[in-house]
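Notes follow once the structure below has been shown.
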Amino acid sequence: MLNTIFLDLDDTLLDFHRAEAAALSKTLEQLGIPPTAETVARYSAINAQQWRLLEEGKFTRDEILTRRFDILPGAEALLNTLAPRYALYLVSNGTAAVQAGRIASAGIAPYFKNIFISEEMGLHKPQREFFDACFAAIPGFHREEALIIGDSLTSDIRGGNNAGIRTCWFNPQGKPRMEGVHVDYEVSALSQIPPLLAQAASDFTAE
């Protein structure tokens, strides 16, 4: 049976892009630069590209940071539904200090048994070693009883593939799948996750 769920933070539970846009606009205003929609969009695209390079192992976190939140609708209801039924763990590639502040501000820490931030671990999604370290910190963990839920094919879903656990892709924008990345389940809204897990319960059996 399904016992353990790993949840991504940015753009799965928290609205990263809205928070990013608000923070960037405020910073630009302080610097006397008009925060136009084009400027904010350009920054967001460059920032996403840099984090992709981290996932691919082409740059370190420090290099990415020098190169370079609000809860999503349904996130709180999802956590309220899942927390009594499953052991929830948060897995994030974000910077530790930033993520800690966002998690505290959103008030979601009590839902999780543990929170794994890549900067603190010295490893990051989608590395198998990142997940191995997470698994080692969970008493009685079984891969066959675990699932990762996230919005990123290259980070969350590929990470689940590398780690040997099932995956659920949160895809609200209807993006196409990527060759070489296996998706076990796909949802377009967070509200679809609890009934999906109930329906898929028979897929999770410990060896």
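The values are calculated or read from the model by the stated rules, or taken from the named source; none is laboratory data. Quick caveat: nothing in here was measured; it's all calculated off a predicted structure. Here Cβ is always computed from backbone atoms with ideal geometry, including for glycine, and neighbour counts include all displayed protein chains. The area values use the complete protein model at the heavy-atom level, side chains included, leaving out ligands, DNA and RNA. Shrake-Rupley method; radii C 1.70, N 1.55, O 1.52, S 1.80 Å.
Quick notes
- Residues located in the range 78-109, provided they are open to solvent by less than 20 Å² (accessible area, probe 1.4 Å), modelled with pLDDT under 85 and of a type in the set (S, T, N, Q): Gln99
- Of all residues in the range 1-15 being of a type in the set (A, V, I, L, M, F, W, C) and more than 17 Å from Ser191 (Cα to Cα), the one that is least open to solvent (accessible area, probe 1.4 Å): Leu2
- Comparison of Leu79, Leu147, Leu123 shows that the only residue that is part of a helix (DSSP H, G or I) and among the aliphatic types (A, V, I, L, M) is Leu79.
- Beta carbons closer than 7 Å, at least 6 apart along the sequence or on distinct chains, pair a first residue in the range 137-152 that is under 19 Å from His124 (Cβ atoms) with a second that is acidic (Asp, Glu) for Ile148/Asp156; Ile149/Asp8; Gly150/Asp8; Gly150/Asp156; Asp151/Asp8; Asp151/Asp11; Ser152/Asp8.
- Scanning the range 163-182 for residues that are within 27 Å of Leu72 (Cα to Cα) and either touching a Pro at 6+ places or on another chain (Cβ under 6 Å) or in a loop (DSSP other than H, G, I, E, B) (or both) yields Ile165, Asn171, Pro172, Gln173, Gly174, Lys175, Pro176, Arg177, Met178, Val181, His182.
- Where a residue in the range 172-201 is closer than 15 Å to Leu7 by Cβ and its partner, wherever it lies, is in a loop (DSSP other than H, G, I, E, B) and of a type in the set (Lys, Arg), with Cβ under 9 Å and at least six apart: Pro194/Arg85; Leu197/Arg85
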